[in-house]
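Data first, discussion second: the structure below is written as structure tokens.
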Amino acid sequence: MAIRAIRPSDVRPLTASPPAAWRRGGRRFALAAALLSAACGDSSSAPTAPQDPPAAIPVARIALSTELLTLYPGERQLLHAVSLARDGSVLPGRAIAWRSSDPSVATVAASGAVTAIRNGTATIVAFAGGVQASAEVRVNAASPDAALVGAWRMVALQGRALPTPYVTLYDEPVGDAVIGRLEIVIDSAATIIGADATYRRTYWLSEWHDGRRMYRWSWGDYGSWARTDATVSFASAWIQNLRSQGELALPGVMHGVESLWPTEGARPTRWERRAP
């Protein structure tokens, strides 16, 4: 029997297009084939082992903003600390813990703020990642008045935080009008106490008419001060017979008794010393 070679023209598709059943099932067949292929994988390649997370870079040392603090009682200063790697790069996000060797001399807050309490020496230690660094704190009042000299701000009047009313009047005539409720409010106050035994005090006030602020102004005086133990007396050189006094409470707190005018009754105040 003779065998004839098959020519391309002899090959004909069974139909012009796949049967409708094939077309409908084609997508399902392709999806099933893809899932089967993914499940079986390539037998020629080994599975990839899960990768361990990178190990944390250890802390090599802690750098402090200073290694020596010289403070006087009541003074506060912030210590900054950063964790460093062996190559000197900063390691962000590493928690710093703080400790004072003698809290009766100087304390340290979680923020690194160091507050001097009394004369003496203490060591402030910072810890991170099993590493520590320390700074020496020397507390020595240059003079008995060192805890007093500086800038102070009033934070409370009669137990109420500023701003707070100083005077409240009802049905007060002002010009051609009668104000149902008139308030004089102390917004803030500051005192500068000098080493030359002088002081300058300023109050910032506002006037409110029936809940609406109408005016703002400042008021103050200056004079001399004297200290006996923890008691401080202030005598105005501008307003005759205006005197006040305060009791120092370390660190950096003074409880005062004062008024804005000699004929007014004195009221309790609280002042806090501003950080230098």
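Tell me, please, whether a residue that is without any contact (Cβ under 8 Å) to a residue 12 or more places away in the chain and within 26 Å of G223 (Cβ to Cβ) can be found in the stretch 188-197.
Yes, the stretch 188-197 has at least one match.
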*Among the numbered criteria (1) closer than 19 Å to R216 by Cα; (2) loosely packed, with under 13 Cβ neighbours inside 10 Å, which single criterion is violated by P165?*
(2)
*For the stretch 176-195, what are the residues that are farther than 22 Å from E258 by Cα and loosely packed, with under 15 Cβ neighbours inside 10 Å?*
D176, A177, V178, G180, R181
_Every residue in the stretch 75-102 that is closer than 30 Å to A146 by Cβ and in contact (Cβ under 8 Å) with a residue 40 or more places away in the chain, please._
E75, R76, Q77, L79, A81
*Pick from the stretch 92-105 the residues that are in contact with a Gly (Cβ under 8 Å, 6 or more places away or on another chain) and outside any strand (DSSP E or B): which of them is modelled with the lowest pLDDT?*
R94
*For the stretch 214-224, does any single residue satisfy the condition of being within 34 Å of the chain's Cα centre (by Cα), part of a strand (DSSP E or B), closer than 21 Å to I184 by Cα and free of Cβ contacts under 8 Å to residues at least 12 places away in the same chain?*
yes
*In the stretch 139-162, which residue that is in contact with a Leu (Cβ under 9 Å, 6 or more places away or on another chain) and open to solvent by 40 Å² or more (accessible area, probe 1.4 Å) is modelled with the lowest pLDDT?*
N140
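The values are calculated or read from the model by the stated rules, or taken from the named source; none is laboratory data. No experiment lies behind these values; they were computed from the predicted model shown. Cβ: placed from backbone, ideal geometry, glycine included. Neighbour counts: every protein chain shown. Ligands, DNA and RNA are stripped out before the accessible areas are found, and what is left, the full protein with its side chains, is counted by its heavy atoms. Shrake-Rupley method; radii C 1.70, N 1.55, O 1.52, S 1.80 Å.
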